[in-house]
Amino acid sequence: MDKNDLSFYDTKKYKLSLSMAIAVFFYCFIVFFLPFGVDNYNPNHEYTLSFLLEFIYFLIPLSLFLLLNEFLLRPLFFKKATLKKVILWSVWTLVLLSTIIFFTYNYLGNWHDFFLTSYFGFLRDVSAVLLFPMVGTFFFFKFRSLQNQMEHILTTKEEYVDSGQLILFKGMGSKDQITLSASSFLYGKAQDNYVELVYLEQQQLKKFLMRSPLGNLVSSINNMAIVRCHRSYMVNLLHVKSIKGGNQDLTLHLDPSNATVPISKSFKSAVLKNLRSLKNFG
């Protein structure tokens, strides 16, 4: 998984979403908070339809320049997004939009506040407002990008482990043992002082309960595909078809049973390390 992947930043969906988010956020902000003295013309205003329509004059140029900035101007300066370029372009966008709003405000107000000091005030205040939808949109798409990578993190199996290898699971009692092939064992779940092993037999799910602490059982198995992934779970990584979830709550999805097994934070690093040895990461 590439945490530095910013490919979403250059997509049409992101550009449209960013433009819409900024325009709508700013419109709602000036309607409800009436900043920058926009109510000077009518101190006794009421929220009538005509009053709300007046603010469309801000929305139209803001939306137009946003779309031109993202779809026409940005491709001229860089083709592929990097974190440095994203930051620089965001600063430029804030300056541009603050300038557009400053000119629109003065045009509607007969240039009554057309001063350099007022312009710098608009740069500061408008940028502070527009930073919220800009940063929010970026991190929303970034999270979706990481989640999408996690959902498709595994592709094909690598033959580092012999799937036909026999694995002996031996518990504390004389009858607490079973031998399964690496291709048939799916996962084990701790139940007090017992472990319930789940495996495939003739394409049917079977279960075998043995008396043993989960930690002892995992450590007795010399197979890199069989790992502990949670305080209550062990899993056969050969059957993992995908990983889903965020950084804090990952879940292994197994094939062909469609079973799910959680990964806890303390075992995450070791599980992902072994997966990289057994699977191709997309």
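General remarks:
- Flag for Ser242 being small (Gly, Ala, Ser), assigned to a loop (DSSP other than H, G, I, E, B) and assigned by TED's automatic domain parsing to the domain that holds Leu200: no
- In the set (1) over 18 Å from the mean Cα position of the chain (by Cα); (2) touching a residue at least 12 places away in the same chain (Cβ under 8 Å), the condition left unmet by Lys273 is number (2).
- Here the range 77-107 is the region considered, the condition is being β-branched (Val, Ile, Thr) and touching a residue at least 40 places away in the same chain (Cβ under 8 Å), and the residue that is farthest from Ile30 (Cα to Cα) is Thr82.
Residue-by-condition table, conditions (1) modelled with pLDDT of 90 or more; (2) within 24 Å of the chain's Cα centre (by Cα):
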site	(1), (2)
Asp192	no, no
Leu197	yes, no
Leu200	yes, no
Leu217	yes, no
Met224	no, no
Lys244	no, yes
Asn247	no, yes
Pro256	no, no
Ile263	yes, yes
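- Criterion applied to Leu186, Leu205, Leu200, Leu252 was being in a strand (DSSP E or B), aliphatic (A, V, I, L, M) and loosely packed, with under 14 Cβ neighbours inside 10 Å, and the one residue passing it is Leu205.
- Test: residue in the range 222-229 that is outside the structural domain of Lys142 (by TED's automatic domain parsing) and farther than 30 Å from Leu146 by Cβ: yes
- The lone exception for Arg228 - which of (1) under 25 Å from Asn280 (Cβ atoms); (2) assigned to a helix (DSSP H, G or I); (3) not hydrophobic (A, V, I, L, M, F, W, C) it fails: (2)
- Selected residue (criterion: surrounded by the most Cβ atoms within 10 Å (Cβ to Cβ)) from residues of the range 255-282 that are of a type in the set (S, T, N, Q) and in contact with a His (Cβ under 6 Å, 6 or more places away or on another chain): Ser264
The values are calculated or read from the model by the stated rules, or taken from the named source; none is laboratory data. Here the structure is a predicted model, which is why all the values come from computation and not from measurement. Neighbour counts are summed over all protein chains in view; Cβ atoms, including those assigned to glycine, are modelled from backbone coordinates with ideal geometry.
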